[in-house]
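> Let me begin by handing over the structure; questions about it come next.
The values are calculated or read from the model by the stated rules, or taken from the named source; none is laboratory data. Quick caveat: nothing in here was measured; it's all calculated off a predicted structure. Note that we place each Cβ from the backbone using ideal geometry, even for glycine, and neighbour counts take in every protein chain shown. Each accessible area value is taken on the protein alone, full model and side chains, heavy atoms only, with ligands, DNA and RNA left out. Shrake-Rupley method; radii C 1.70, N 1.55, O 1.52, S 1.80 Å.
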Amino acid sequence: VEIQAEGEEYNLLERYKNHLCEFFIVSQVDLTRGPKRVRVGQAGGNKCPRCWYYSEQTGTHADHPELCLKCTGALT
């Protein structure tokens, strides 16, 4: 999800930017300043078989090569 916002809306989203994926139940959220706009597309990276989120960091940990870093952290 790509979100463009300005003013108070941007400030609110920026405050919670680390949690926007969980709020919207999506793999990635990109927040930028600009006229209000929301665009939805396919997330980059590979799908984690544990949480089903797509991440470009999936498969980068040697101990759990099939998982994303969030799931790897939960298991270690």
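> Of all residues being among the hydrophobic types (A, V, I, L, M, F, W, C) and under 18 Å from Cys71 (Cα atoms) in the stretch 24-57, which is least open to solvent (accessible area, probe 1.4 Å)? Just the residue, please.
In this case the residue turns out to be Cys48.
> Which count do you get for residues in the stretch 58-73 that are more than 17 Å from the chain's Cα centre (by Cα) and open to solvent by less than 90 Å² (accessible area, probe 1.4 Å)?
Residues that pass the stated criteria total 3.
> Six or more apart or on different chains, Cβ under 6 Å: which pairs go from a residue in the stretch 36-48 that's under 14 Å from Val26 (Cβ atoms) to one that's open to solvent by 100 Å² or more (accessible area, probe 1.4 Å)? Could you list them?
Sorted first by the residue in the stretch 36-48, then by its partner, the pairs are Gly44/Glu56; Gly45/Glu56.
> A further question on this structure: Any chance you could count how many residues in the stretch 26-75 are at pLDDT below 95, among the acidic types (Asp, Glu) and out of contact with any Leu (no Cβ under 9 Å at 6 or more places or on another chain)?
2
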